[in-house]
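The values are calculated or read from the model by the stated rules, or taken from the named source; none is laboratory data. Keep in mind the model is a prediction, meaning the values are calculated, not measured. Backbone-built Cβ (ideal geometry, glycine too); neighbour counts: all protein chains shown. We work out accessible area using only protein heavy atoms, side chains counted, and drop any ligands, DNA or RNA first. Shrake-Rupley method; radii C 1.70, N 1.55, O 1.52, S 1.80 Å.
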Amino acid sequence: MLVSITAALRRTRPLAWRCLSTTGLARAAQGHDVTEPSFVDFTKPMYCERREMPLPDAPFVSQLTPEQKALKEKETRSWKELTKEEKVALYRISFNRSYEEMNKKSQEWKTIVGGVFYFLGLGGLLLWWHRVYVYGPVPHTLSEEWVAMQTKRMIDMRVNPVTGFSSHWDYQKNEWKK
Ligand SMILES: *[C@@H]1O[C@H](CO)[C@@H](O)[C@H](O)[C@H]1NC(C)=O
């Protein structure tokens, strides 16, 4: 039970926290592995993808493929020889996402608005169903005559005469106080 809760927490932890502490980015720092490593070496610099940190301590991809190694080699020479694609590939070695990609607005609000209306509608249906099939007829004690009789009786009994109900009734003039 506890294990599954902590696992769920780990999954839902916000990016900022992951950046500071746990395995996601450490994994990225240590070679961008898909498979989960058995341990994370926190003594090594880590890649951190946050807008406040334009220059993470480590590149995004640390275990380069042969092509990437060749590209890195080419990077040491004149950059005029690099094509646009190679420049982008070099960028992607150092960074996972560009600022533009990080700043892109999420469309999640649509899901949230949809969800809100869905549950409002569901609630409305439930309310309607209750009104039609669950509630009985309105009790006779709520009829106008009954309430009038009940009010008269309460006034006659002088219910709460100091600050309550019949304190609002003027017994001399036989009407509600103004
Ligand atoms: C890299 O970017 C993708 C989206 O393009 C994102 O899902 C993923 O979490 C990012 N990885 C890291 C380690 O920040």
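In what sequence, highest mean first, do 122-129, 42-49 appear when ranked by Cβ atoms within 10 angstrom? Walk me through the numbers on the way to the answer.
Working: 122-129: 10.1, 42-49: 15.2.
Answer by packing, highest mean first, reads 42-49, 122-129.
Would you rank SER106, SER98 by solvent-accessible area, highest first, keeping every protein chain in place and using a 1.4 Å probe?
Numbers: SER106 75, SER98 25 Å².
Descending order: SER106, SER98.
Give the calculated FRET efficiency between ALA89 and PHE42 to the nearest 0.05, with a Förster radius of 22 Å applied to their Cβ-Cβ distance.
With R0 = 22 Å, the Cβ-Cβ based efficiency is 0.15.
For the range 55-87, which trypsin sites (Lys or Arg not before Pro) are both in a DSSP coil and crowded by at most 13 other Cβ atoms within 10 Å? Present the calculation step by step, with values, prior to reporting the outcome.
On the way: sites: LYS69, LYS72, LYS74, ARG77, LYS80, LYS84, LYS87; in loops: ARG77.
Counting only loop positions with at most 13 other Cβ atoms within 10 Å, the trypsin sites (Lys or Arg not before Pro) in the range 55-87 are ARG77.
Hey, which lysines would be in cross-link range of LYS104, C-alpha to C-alpha under 23 Å, not counting anything within fewer than 8 residues on its own chain?
By straight Cα distance, LYS104 reaches LYS84, LYS87.
Measuring from label point to label point, each 7 Å out along Cα→Cβ, what is the MET53 to GLN68 span in nm?
Once both label points are built, they end up 1.8 nm from each other.
How far apart, in nm, are the 7 Å Cα→Cβ label points at TRP176 and MET149?
Computed distance between label sites TRP176 and MET149 equals 2.2 nm.
Between HIS168 and PHE119, what is the spin-label point distance in nm, taking each point 7 Å from the Cα along the Cα→C-beta axis?
Placing both labels 7 Å along Cα→Cβ, they lie 3.7 nm apart.
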